[in-house]
């Protein structure tokens with residue numbers, strides 16, 4: 001049986017994911033990486049050419065094939081065949097739930113379907129390294145946690161759960177970038193507050209992390225707020241964790257050093273961290289879940305406070321890859337994922 005993966009969308013998440021899978025498909029034991037691009041755009045010809053050079057194959061709807069051929073992509077084939085041939089389908093669009101209703105639900109349900117974190121309700125939350133065991137469940141649908149969900153979950157796991165510290169309360173403020181550097185739309189000219197639409201959790205960020213850990217029986221007291229800032233660099237997370245018992249700063253620094261997916265940095269500005277990712281990351285993206293500003297960490301009795309930069313669009317990439325590889329290789333998928341250790345930094 002061929003091991004084919006179909007990625008839907010070529011945006012800020014889809015494009016680097018396609019490249020990541022295609023660049024490493026031999027090491028991951030994949031046969032074909034296929035991507036679905038709906039709209040033929042001449043100004044995105046270079047992006048499509050680059051993905052094809054990496055070894056990915058392009059598909060589209062039957063009515064758009066001739067236009068792709070006119071752009072020079074004669075190898076473009078019908079997405080309907082890709083739906084049938086692919087055993088893993090990863091939706092990187094803001095329409096994952098609609099696509100499930102209209103397309104995926106009618107396909108072979110032995111396939112694995114994944115969607116990005118904005119599509120709440122699509123399936124069980126998954127974040128690579130946070131709740132790997134969820135992939136063993138008899139489910140064909142998984143929701144890849146959002147970038148801020150990855151970051152908050154890693155903070156909670158590294159400083160509380162992994163150390164068996166009883167967490168009384170976790171508070172978070174997501175200082176969100178306005179848009180991606182590749183986007184012209186939706187830039188915010190001034191700080192814009194996100195309303196607290198959830199009575200229990202504030203914004204969806206705390207709700208999502210709560211639901212992620214609740215899947216394994218952990219009920220956490222979490223609350224989040226969010227504000228969009230006029231920057232294109234990175235999201236930044238302020239966090240405050242209150243424990244039942246007193247903690248020491250030295251212990252926290254040791255926890256950070258032992259964390260598998262949190263990086264530490266002496267940098268105190270997002271442009272410095274973003275610049276490092278641009279120069280040394282994959283497709284300009286850091287793949288760790290969060291980058292803790294170690295000089296911001298403050299401990300007072302039983303409360304830890306600090307800041308952590310969020311590698312948006314980057315930290316979710318390995319979760320999508322892990323969900324793909326585990327579907328095919330139940331026994332040695334973690335070993336195959338070690339190919340990405342080259343992109344994981346402990347300090348930047």
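Do we have any residue at all in segment 148-163 that's assigned to a loop (DSSP other than H, G, I, E, B), modelled with pLDDT under 95 and over 17 Å from the mean Cα position of the chain (by Cα)?
No.
Residue 207 fails exactly one of the following numbered conditions: (1) assigned by TED's automatic domain parsing to the domain that holds residue 250; (2) free of Cβ contacts under 8 Å to residues at least 60 places away in the same chain; (3) part of a loop (DSSP other than H, G, I, E, B). What is the number of that condition?
It is condition (3) that residue 207 fails.
Considering segment 40-69 alone, what residues qualify as being farther than 21 Å from residue 23 by Cα and either without any contact (Cβ under 8 Å) to a residue 24 or more places away in the chain or touching a helix residue (DSSP H, G or I) at 6+ places or on another chain (Cβ under 6 Å) (or both)?
Residues satisfying the conditions are 40, 41, 43, 60, 61, 62, 63, 65, 66, 69.
Do we find a residue being within 20 Å of the chain's Cα centre (by Cα), in contact (Cβ under 8 Å) with a residue 40 or more places away in the chain and farther than 28 Å from residue 163 by Cβ anywhere in segment 258-265?
The answer is no; no qualifying residue exists.
Might you let me know whether segment 336-348 holds any residue that is surrounded by fewer than 17 Cβ atoms within 10 Å (Cβ to Cβ), touching a residue at least 12 places away in the same chain (Cβ under 8 Å) and part of a strand (DSSP E or B)?
Yes; the residues of segment 336-348 include at least one that is surrounded by fewer than 17 Cβ atoms within 10 Å (Cβ to Cβ), touching a residue at least 12 places away in the same chain (Cβ under 8 Å) and part of a strand (DSSP E or B).
Quick check on my filter: what residues within segment 298-323 are within 22 Å of residue 177 (Cα to Cα) and surrounded by fewer than 23 Cβ atoms within 10 Å (Cβ to Cβ)?
Correct list: 305, 306, 307.
Look at residue 182 and say whether it is surrounded by 19 or more Cβ atoms within 10 Å (Cβ to Cβ), assigned by TED's automatic domain parsing to the domain that holds residue 224 and not in a strand (DSSP E or B).
No: the conditions fail for residue 182.
Out of 175, 143, 167, report the one residue that is within 14 Å of the chain's Cα centre (by Cα) and modelled with pLDDT of 95 or more.
Being within 14 Å of the chain's Cα centre (by Cα) and modelled with pLDDT of 95 or more holds for just one of 175, 143, 167, which is 143.
Here are the criteria: (1) over 15 Å from the mean Cα position of the chain (by Cα); (2) touching a residue at least 24 places away in the same chain (Cβ under 8 Å). Tell me which single one residue 300 does not satisfy.
It is condition (2) that residue 300 fails.
So residue 122 fits all but one of (1) part of a helix (DSSP H, G or I); (2) within 17 Å of the chain's Cα centre (by Cα); what number is the exception?
For residue 122, the failing item is (1).
Of everything in segment 192-204 that's in a loop (DSSP other than H, G, I, E, B) and surrounded by 12 or more Cβ atoms within 10 Å (Cβ to Cβ), which residue is farthest from the chain's Cα centre (by Cα)?
The selected residue is 196.
The values are calculated or read from the model by the stated rules, or taken from the named source; none is laboratory data. What you see is a predicted model; the values in this text were computed from it and never measured. FYI the Cβ positions are ideal-geometry reconstructions off the backbone, even for glycines, and counts take in every protein chain you see.
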